[in-house]
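Here's the structure, in structure tokens; my notes come after.
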Amino acid sequence: TYIVTDNCIKCKYMDCVEVCPVDCFYEGENMLVIHPDECIDCGVCEPECPADAIRPDTESGLEQWLEINRKYSEIWPNITEKGDQPADAKDYDGVPGKFEKYFS
Ligand code: SF4
Ligand code: F3S
């Protein structure tokens, strides 16, 4: 499966949503997550993310993010269309520690 990782937080560009063939993105206030059981591993969303936040879960060190994607995709609503990007998205691109400060 592919998963969304921390640089999505407060960037939330949502380009990923437009390309997913199975609509498996779920929307929190500050980021999206992927439902790991619904993702068919097609990989098309990964290069679409301007924040480089989407990763295959086979990459090392992403166990925490796999759990977050699994947990919150069960809680947050499904999103199938790109909404308005945050006006200050660029200010947060690459900022460290976003999970601790802004995850929601
Ligand atoms: Fe959707 Fe494919 Fe991305 Fe999985 S890898 S979230 S199926 S676009
Ligand atoms: Fe987030 Fe990238 Fe999608 S910033 S909303 S994973 S396009």
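Helical content of the chain, expressed as a calculated mean residue ellipticity at 222 nm, amounts to -5500 deg cm²/dmol (DSSP H runs of 4 or more residues, -39,500 (n - 2.57) each, divided by residue number, nearest 500).
Normalised size of the chain, defined as Cα radius of gyration per 2.2 N^0.38 Å with N residues, equals 0.95. Across segment 44-51, coupling constants 3J(HN,Hα) worked out from phi with the 6.51/-1.76/1.60 Karplus curve, θ = phi - 60°, read 5, 6, 4, x, 7, 7, x, 9 Hz, and Gly and Pro carry x.
Every number here is computed from the coordinates shown, using simple stated rules; none is lab data. Just so it is clear, the structure is predicted and the values come from calculations on it, not from any experiment.
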